[in-house]
Amino acid sequence: MQTSDWQQGVLDPHGPVAAAEHTILVNATVIMLAVIVPVIVLTLAFAWWFRAGNRWARRDPDWAYSGAVEVTVWSIPALVVLFLGGIAWIGSHDLDPARPLASGAPPMNVQVVSLDWKWLFIYPDLGVASVNRLVVPAGTPLRLQLTSATVMNSFFVPQLGSQIYAMAGMTTTLHLQADEPGRYSGMSAMFSGDGFSDMRFEAVAVPQAQFAHWLSDARAGGATLDAAAYADLARPGVAASPLAFGRVAPDLFRTILSASTKPAGAASAPEMAME
């Protein structure tokens with residue numbers, strides 16, 4: 001059965017962050033509908049009541065001011081702004097991307113690198129890496145550190161929540177979690193030039209035992225992500241299929257981060273650090 005578009009987006013949350021953002025979206029919509037619906041109804045009611053054929057409609061050309069009307073007119077939008085502002089204020093603090101998620105399990109560290117035009121995921125504590133596929137154990141909080149080896153990009157998994165930017169020479173931190181096993185579409189949500197529309201990846205949440213099996217297969221069959229492999233991977237182009245690396249050069253993320261701040265023509269940090 002084909003999955004509907006809304007079942008792959010923010011209206012179908014599968015994590016605590018996405019669920020909280022979904023609640024904010026619904027609450028904000030209800031608050032705005034509390035104004036929109038009465039305005040539409042009253043507009044139609046006024047048009048009907050003051051129609052030319054209604055002899056009971058009273059016209060008062062000398063009417064100028066009513067305190068009750070003024071209070072009503074200004075109090076309603078004031079309450080809307082107050083409620084929407086309160087939701088935004090509370091939500092922006094509760095859903096701070098750098099704020100760890102409440103969980104009894106320790107977070108899994110994943111380093112994310114935006115390339116032209118693909119995503120590199122490094123598991124520093126596990127010594128493996130993958131391209132265009134983020135495999136994680138379901139129910140485990142994730143601590144993502146993001147940077148870009150090229151232009152600024154936007155990392156977004158709609159069903160898990162919290163779009164965030166990846167920028168060269170900088171790191172941003174994002175905490176996410178997939179509550180249940182599943183495949184969730186990820187993307188670059190920012191126009192960054194030719195090829196950006198192909199910067200899609202898959203976030204795969206699996207049971208712990210299946211994740212251990214994936215990790216074992218990656219270590220056994222994956223190549224080594226060293227300076228030469230990274231240089232080849234960093235060339236502009238779309239990965240034909242998701243890749244896995246069973247070994248990763250030490251401190252690769254840090255050297256990529258340093259390389260993106262080098263002046264043009266200078267030796268790249270991965271080459272200097274791994275020679």
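For T150, the conditions (1) farther than 18 Å from S258 by Cβ; (2) in a loop (DSSP other than H, G, I, E, B); (3) touching a strand residue (DSSP E or B) at 6+ places or on another chain (Cβ under 8 Å) are fulfilled apart from (1). Identify the residue in the stretch 110-130 that is hydroxyl-bearing (S, T, Y) and within 17 Å of T171 (Cβ to Cβ) and, among all such residues, is surrounded by the fewest Cβ atoms within 10 Å (Cβ to Cβ). Restricting to residues being hydroxyl-bearing (S, T, Y) and within 17 Å of T171 (Cβ to Cβ), the top hit is Y123. Could you list, in sequence order, the residues of the stretch 242-257 that are without any contact (Cβ under 8 Å) to a residue 24 or more places away in the chain and either outside the structural domain of G169 (by TED's automatic domain parsing) or not in a helix (DSSP H, G or I) (or both)? Listed by number, the residues that qualify are P250, D251. Residue-level analysis places D232 outside the set of residues that are part of a loop (DSSP other than H, G, I, E, B) and at pLDDT below 95. When residues in the stretch 3-21 are screened for being closer than 18 Å to M187 by Cβ and at pLDDT 90 or above, 7 of them pass. Within the stretch 207-227, the set of residues being of a type in the set (D, E) and in contact with a helix residue (DSSP H, G or I) (Cβ under 9 Å, 6 or more places away or on another chain) comprises just one member, D226. In summary, D96 fulfils each of the numbered conditions (1) closer than 29 Å to I24 by Cβ; (2) modelled with pLDDT under 95; (3) in contact with a helix residue (DSSP H, G or I) (Cβ under 8 Å, 6 or more places away or on another chain); (4) not basic (K, R) with the single exception of condition (3).
The values are calculated or read from the model by the stated rules, or taken from the named source; none is laboratory data. Keep in mind the model is a prediction, meaning the values are calculated, not measured. We place every Cβ from the backbone using ideal geometry, glycine too, and count neighbours over all the protein chains shown.
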